[in-house]
Amino acid sequence: MFAEQAELQEYTEYVIDKYKLRERTRTGCNVQQVSWDEAVQRWSIRTEARGEFTARIVINASGPLSTPVIPNFKGRDSFRGATFHTNDWNHDVSLKGKRVAIIGSGASAAQAIPAIAPEVGQLHVFQRTPHWVLPRPDRKFPQWQRALLGIKPLHKLLRTMIYWELEARVIGFKYSPRMLKLVAQRAALRHIRTQIADPALREAVTPDYTIGCKRIILSNTLYPALCRDNVTLHTKNSAIAEITPTGIRTTDGQDLDLDVIVYSTGYDATDGVISYPVTGRGGRTLAAAWAEFPRAYLGTTAPGFPNFFVVTGPNTGIGHTSAIFVIEAQMNYIMKSIAALKKSGKRTVEVTAEAEADYTGMIHREMERTVWKSGGCHSWYQSKSGHVIAMFPGFSFTFRQMANRFRPEHHVMS
Ligand SMILES: Cc1cc2nc3c(=O)[nH]c(=O)nc-3n(C[C@H](O)[C@H](O)[C@H](O)COP(=O)(O)OP(=O)(O)OC[C@H]3O[C@@H](n4cnc5c(N)ncnc54)[C@H](O)[C@@H]3O)c2cc1C
């Protein structure tokens, strides 16, 4: 759709301006707390600068990846240069000719590194654990294909083929790790050999766990960027010992003078997936309910929290297709719950503890079979309890089928 990066950038700016996205996030409507008021059977929502208001129903759509994480490195706050997280990229900081460090080597770093490497003076990339990288199947659609895709049924056919091609990946993730290794891991190893000549760099970027255990990165530009003369990859042998006022001291004794440190250190997608406190029935908090690990029926509802729905909640993430597909399925469940509530004439709808426990039990039994549990890595998919919380252990259509019905027997209305 967007042949060139510039076209994509231009379109993004157009969307941001058209929908005033910049203003909205700066207008203080950050939700700071949500609490259930039993007396009036409503939620009270407190915001940063827009005061407090109440609502009968709350749908949390604060996103699975909107709580950035910045590790507490020794000396972190002593650095005198510019620092920012990839989630809050500071475009006012020019990187031209600068000495820059990127901390992290995941999906965001894989996009940022090739984008800034040609512009900066020197780039130091700090990789704690390498990620598997596969070629990105991007290509320009020639005019005749674009014309064909203007015919709705053909466009639908292409989308459907892409959907099923991506669904097939679940066979590797869950049912056949052997297939993962034979097909995907071999392709990734070939990608390393094709794009990197230096044997030491090849070894440094080759993971020691099964592909898919961590998010697979799709990139044709990351490895060439790592091969540039002005880019240095720091692995475990040259990790961050501390951050100093002038840069980074590494574990092998280097003192790197830097102008900018970019934290590409990810998000809290599990234990902190909801960034504000939620207090439900009887004053019980969601944090307490999720003390062991975050859990919810269809990743959406929790017992003790009536009329409260979480979009992209626990175990709704997928590693193989668009999150939108799952979000739409959740919205089906949410809208059907609200419709059932309306029809009942009651004031609250709430999942039962039994139904949630049965669902969560099923999720973690199924999870045992996945590469996310058996692939030999630690990832952001896991909560501090070790449970895989970010992912749904199966096909996206299975989740959609489950979320497509409101089951009165799994809920109480009052
Ligand atoms: C770099 C990156 C690349 C990704 N690429 C893909 C991809 O290719 N395919 C894919 O399927 N998924 C991708 N994802 C996952 C992506 O997060 C989801 O797919 C999608 O954005 C989820 O949509 P959402 O509306 O639920 O959340 P978001 O798009 O994250 O929107 C959440 C909104 O809630 C706001 N918010 C958060 N907290 C509060 C609060 N307390 N009060 C008020 N507002 C709040 C945020 O500012 C944000 O505007 C990517 C994520 C990242 C970070």
*So which lysines pass the test for K214, namely a Cα distance under 24 Å, with those fewer than 8 places away in the same chain ruled out?*
K174, K181, K236, K373, K384
*Extending each Cα 7 Å along its Cβ direction at M335 and A323, get the distance between those two points in nm, one decimal.*
2.1
_Let's see if you can work this out: charge +1 on each Lys and Arg Cβ, -1 on each Asp and Glu Cβ, no other charges. What is the dipole magnitude of region 281-414 about its Cα centre, in debye to the nearest 20?_
360
*Quick one: which residues, 5+ away or cross-chain, put their amide H under 5 Å from the amide H of S219? H built at 1.01 Å from N.*
L134, R136
_Built amide H within the under 5 Å cut-off of G317, gap 5+_ = M391, F392
*Helix 107-116 versus the longest principal axis of the chain: what angle, 0 to 90°, nearest 10, using Cα atoms?*
40
*When the gyration tensor of region 282-412 is built from Cα positions, what are the square roots of 5 times its three eigenvalues, in whole Å, from largest to smallest?*
26, 17, 11
*Return the single residue from N60, N237, N307 with maximal mean-square fluctuation; model: Gaussian network over the chain, springs between Cα atoms under 10 Å.*
N237
*Taking every DSSP beta bridge that has both residues in the chain, what percent is antiparallel when rounded to the nearest 5?*
50
*Could you tell me whether region 149-232 comes out rounded, prolate or oblate from its Cα gyration tensor? Rule is a ≥ b ≥ c as square roots of the eigenvalues, rounded for a/c under 1.5, then prolate if a/b exceeds b/c, otherwise oblate.*
oblate
_How far apart, in nanometres, would the label points at L154 and N220 be if each is projected 7 angstrom from Cα along the Cα-to-Cβ direction?_
2.3
*Please state the charge dipole magnitude for region 121-176, taken about the Cα centre, from unit charges on C-beta atoms (+1 on K and R, -1 on D and E), reported in debye and rounded to the nearest 20.*
160
*Let me know the shape class of region 55-159, please: from the alpha-carbon gyration tensor, a ≥ b ≥ c as square roots of the eigenvalues, rounded when a/c is under 1.5, otherwise prolate if a/b is greater than b/c, or oblate.*
oblate
*I59 to F397: FRET efficiency via 1/(1 + (r/R0)^6), r the Cβ-Cβ distance, R0 22 Å, to the nearest 0.05?*
0.40
*List every residue whose amide H lies under 5 Å from the amide H of D268, counting only residues 5 or more places away in sequence or on a different chain, with H placed 1.01 Å from N in the peptide plane.*
T67, V69
*At a 1.4 Å probe radius, which order do S78, S275, S379 fall into by accessible area, largest first?*
S275, S78, S379
_Lys, Arg +1 and Asp, Glu -1 on Cβ, resulting dipole of the chain about Cα centre, debye, nearest 20_ = 1180
*Pulled fully out, how much extra length does the chain show between D229 and V40, if you take 0.36 nm times their separation in residues and subtract their Cα-Cα distance?*
61.5 nm
*Calculate one ³J(HN,Hα) per residue across region 275-286 by plugging θ = phi - 60° into the Karplus curve 6.51 cos²θ - 1.76 cosθ + 1.60, and present them in order as whole Hz with x for glycine and proline.*
7, 10, x, 10, 10, x, 4, x, x, 7, 8, 5
*Residue farthest toward the positive end of the dipole of region 143-221, with Cβ of Lys/Arg at +1 and Asp/Glu at -1: which of A197, W144, L218?*
W144
*Comparing A55, A225, A403, which has the greatest mean-square fluctuation in the GNM of the chain with Cα pairs linked when under 10 Å apart?*
A55
_Positive end of the dipole of region 337-414, charges at C-beta (+1 Lys, Arg; -1 Asp, Glu), about the Cα centre: which of H364, S414, A339 has its Cα farthest in that direction?_
A339
*asked:* Need the full-extension length gain, S414 to S176, defined as separation in residues times 0.36 nm minus the C-alpha distance. One decimal, nm.
replied: 81.1 nm
*In region 34-140, with Lys and Arg counted as +1 and Asp and Glu as -1 at Cβ, which of these residues, G106, G63, P135, has the Cα nearest the positive end of the dipole, that is, farthest along it?*
P135
*Sequence neighbours fewer than 8 away in the same chain don't count; with that in mind, list the lysines whose C-alpha is under 22 Å from K336.*
K346
_Over the chain, with the other protein chains present, what is the accessible area per residue in square angstrom, probe 1.4 angstrom?_
53
*Mind listing the phi-derived Karplus ³J(HN,Hα) values for region 256-261, rounded to whole Hz, using 6.51, -1.76 and 1.60 with θ = phi - 60°, and x for any glycine or proline?*
8, 7, 10, 9, 9, 10
*Could you pull out every Cys in the chain that lacks a partner Cys with its beta carbon under 4.7 Å away?*
C29, C227
_Distance (nanometres) between label positions extended 7 Å along Cα→Cβ at K96 and M362_ = 5.8
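The values are calculated or read from the model by the stated rules, or taken from the named source; none is laboratory data. Given the structure is predicted, the values throughout are model-derived calculations rather than measurements. Please note: Cβ atoms are built from the backbone with ideal geometry, for glycine as well, and neighbour counts cover all protein chains shown. Note: areas computed on protein heavy atoms with side chains; ligands, DNA, RNA excluded. Shrake-Rupley method; radii C 1.70, N 1.55, O 1.52, S 1.80 Å.
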